[in-house]
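The values are calculated or read from the model by the stated rules, or taken from the named source; none is laboratory data. On a predicted model such as this, the values are computed, not experimentally measured, just so you know. Neighbour counts are summed over all protein chains in view; Cβ atoms, including those assigned to glycine, are modelled from backbone coordinates with ideal geometry. Heads up: the accessible areas ignore ligands, DNA and RNA and are worked out on the full protein's heavy atoms, side chains in. Shrake-Rupley method; radii C 1.70, N 1.55, O 1.52, S 1.80 Å.
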Amino acid sequence: MATPQSSRQSSYSSISGKIRMHAIQVDSVQRWMEDLRHMTEVECMCVLQSKPIGVDEDAPGELIVSGAGAIGQHVTRDNLQTLLKRALVVSTELGKMFQRLEKGRWQRVHSTAVRVNCHVRSLIQEYSTARNAPPEMQKYEKSLLEKCMELNVITERCLHTEDEYFLKSMKEAIHEILTDVSDSFSHMIDMALANEIQILICQIEDSDNVFAISTAISNLLSLTQDGPQLCSIIAKEGAVVALLKICRQDCFSSLYAQALRTVASICCVEEGISQLEKVDGILFLADILTDSTCAEGTRAEAAAVMAQITSPHHTSTQHLASFLESMQDIVTALINLCKSASCGEVFLLASAALANITFFDSMACEILLQLNAVHILLQACRDRQRVDTPYSKDQVVTILANLSVLEQCTADVLEEKGVEQLLVLLNEKPSSSSPSESAACERVQQKAAVTLARLSRDPLVAQTAIQLKAVPRLIELCRSPGERNNSDSVLVACLAALRRLAAECPDSIGPSDHQQLIKPRLVDSFLLCSNMEESFV
């Protein structure tokens with residue numbers, strides 16, 4: 001779901017984010033041979049002057065370095081991969097050049113400038129061989145080549161002088177030219193990527209062949225995994241509209257799930273959500289979710305899109321206006337999908353959408369309580385076929401935490417033995433060394449403690465929790481950093497839950513624990529526990 005861009009020393013860093021590539025699962029020798037195509041020796045490139053080798057007349061649309069056999073639907077994908085690889089090489093060299101310029105290593109600055117010039121010239125000529133570049137892109141190509149040549153000339157002049165004043169003035173001039181080169185290169189790559197993406201979208205819009213459309217969608221989905229910059233370009237080129245058009249045609253029903261999965265990935269950026277809103281996409285998704293004749297996989301992917309567009313990470317909420325119109329239908333469809341989910345993935349997508357929805361509108365929480373959501377979610381927690389990972393448990397306990405704000409939630413939790421389940425969640429631990437799984441377990445523990453604290457304002461819940469030995473577990477999480485994976489958020493939540501239970505039943509906590517965990521200010525207890533070293537005695 002979306003991430004902000006980092007600040008840059010120069011524009012080359014934004015290129016790097018744009019051109020992260022998929023891992024190619026081949027043996028090391030084959031990978032080395034492939035990378036060698038893009039890491040050409042400078043001396044060889046200078047001799048060849050980047051002149052392309054002629055292409056086979058039978059394959060006019062294929063990039064020279066894309067490898068034999070890349071025809072038909074595979075050409076665009078190979079073009080994109082080659083473009084991304086070449087761009088990565090150039091952006092890496094630009095980054096090195098900025099660093100060497102700052103250190104005044106003139107010999108290396110010049111040799112890097114020569115390499116940049118060669119790589120840029122090679123990239124442009126190879127791409128021009130494969131595609132007819134748009135006129136605007138050709139202007140950038142010409143300007144970029146001129147600036148690269150200027151960079152070569154000016155850095156060479158710096159090799160033949162030791163005049164400090166001259167070198168200082170040249171350093172500023174080179175930095176300015178280098179920044180211009182980085183900006184121009186970034187714009188050119190954007191336009192080249194947009195051109196390739198347009199070709200994929202045309203394949204989706206113009207073809208009536210299911211296999212051809214599926215391949216184009218698969219290539220688009222693959223590109224969305226390369227970061228938000230590419231997702232923005234894909235959205236601006238109209239991919240969301242084209243994909244939803246596929247989902248509105250009965251003859252392409254086998255492609256619905258794949259198309260919606262791609263839409264969900266594109267909607268990690270505001271441009272994707274904006275495109276979705278323009279074609280009444282949210283109402284269309286509501287129709288899919290409420291249509292019981294739709295395949296479960298299709299409804300699950302529609303839920304994934306809902307989860308993406310309702311993510312708290314999005315700064316803009318204008319698109320949620322049309323969502324509110326269908327709130328009752330969407331929430332009902334999602335909780336029913338959680339109830340009938342045949343596997344963990346379907347449950348995860350549906351519950352993730354519900355978790356996000358409960359954050360921004362209390363009406364959703366009221367609707368869920370009316371739909372017996374506490375029973376459905378707690379039953380799912382006891383079903384390993386549906387809730388089988390910390391990620392799913394994170395969604396469940398998030399919903400419960402948001403529902404627990406409402407007083408009527410308490411009776412449902414007690415009736416469904418929800419306090420027992422919260423204690424189970426307080427014991428959640430990762431089954432592997434995966435950082436993401438550990439983080440998910442921390443969130444489960446934190447939200448379970450938050451939910452318990454909120455529900456324990458009811459004396460009956462507090463007494464139930466104490467009888468089930470919630471207090472010793474909460475104390476253990478506070479005093480033993482390893483039990484909470486050194487998480488401060490878990491510590492704060494557990495301290496809050498302990499204090500709530502102590503307020504209802506003061507005798508449930510021993511004198512020593514009361515003196516350290518209850519009596520001081522919350523911040524003082526936090527500092528005491530966060531500085532504790534775990535005892536292994």
Ignoring ligands, DNA and RNA, how do Arg131, Arg86, Arg443 rank by accessible area with a 1.4 Å probe, largest first? Arg443, Arg131, Arg86
Distance from the Cα centre of the stretch 412-430 to that of the stretch 323-340, in angstrom? 24
Which net charge results when you count Lys and Arg as +1 and Asp and Glu as -1 among the other residues whose beta-carbon is under 10 Å from that of Arg108? +4
I'd like the accessible area for Arg261, computed on protein heavy atoms only with a 1.4 Å probe and all protein chains in place. Round to 10 Å², please. 100
What is the percent carbon and sulfur in the accessible area of the stretch 190-268, measuring with a 1.4 Å probe over the protein chains and ignoring ligands? 50
Could you compute how much accessible surface Tyr256 exposes when probed at 1.4 Å, giving the result in Å² to the nearest 10? 30
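With +1 on the Cβ of every Lys and Arg and -1 on the Cβ of every Asp and Glu, and nothing else charged, how large is the dipole of the stretch 117-247 about its Cα centre, in debye rounded to the nearest 20?
Here the stretch 117-247 has a charge dipole of around 240 debye.
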Taking the dipole of the stretch 358-438 about the Cα centre (Lys, Arg +1; Asp, Glu -1; charges at Cβ), the one of Ala411, Cys365, Ser436 that reaches farthest to the positive side is Ser436
Farthest positive-ward along the stretch 165-239 dipole, Cα basis, beta-carbon charges - from Asn195, Ser232, Val181: Val181
J(HN,Hα) series, the stretch 279-285, from Karplus relation 6.51 cos²θ - 1.76 cosθ + 1.60, nearest Hz, glycine and proline x: 10, 6, x, 5, 5, 5, 4
Counting only protein chains, not ligands or nucleic acids, how are Ser111, Ser351 ordered by accessible area (probe 1.4 Å), most first? Ser111, Ser351
Please state the charge dipole magnitude for the stretch 128-185, taken about the Cα centre, from unit charges on C-beta atoms (+1 on K and R, -1 on D and E), reported in debye and rounded to the nearest 20. 300
Computed FRET value (nearest 0.05) for Gln198 with Ser218, which takes r as the C-beta separation and R₀ as 25 Å: 0.90
If each K or R counts +1 and each D or E counts -1, the residues other than Thr298 whose Cβ falls under 13 Å of its Cβ total -2
Hey, got the dipole for the stretch 275-432? About the Cα centre, +1 on K and R Cβ, -1 on D and E Cβ, debye to the nearest 20? 420
Using +1 at the Cβ of each Lys and Arg and -1 at the Cβ of each Asp and Glu in the stretch 261-350, identify which of Ile288, Met327, Ala303 lies farthest towards the dipole's positive end. Ala303
Quick one: if you stick a label point 7 Å off each Cα along the C-beta vector at Val153 and Ser254, how many nm between them? 6.0
Let me see the P(r) profile for the stretch 248-342: every Cα-Cα distance counted, bins of 10 Å, each bin given as a percent of all pairs. 16, 52, 29, 3
Take Glu156, Glu141, Glu176 and sort them by solvent-accessible surface of the protein heavy atoms, 1.4 Å probe, largest at the top. Glu176, Glu156, Glu141
Heavy atoms of Val153 accessible to a 1.4 Å probe, total area in Å² rounded to 10: 80
Sticking with the crude label model, points 7 Å out along Cα→Cβ, report the distance from Asp488 to Phe360 in nm, one decimal please. 2.9
In Å, the C-alpha Rg and Dmax of the stretch 361-494 are 14.2, 40
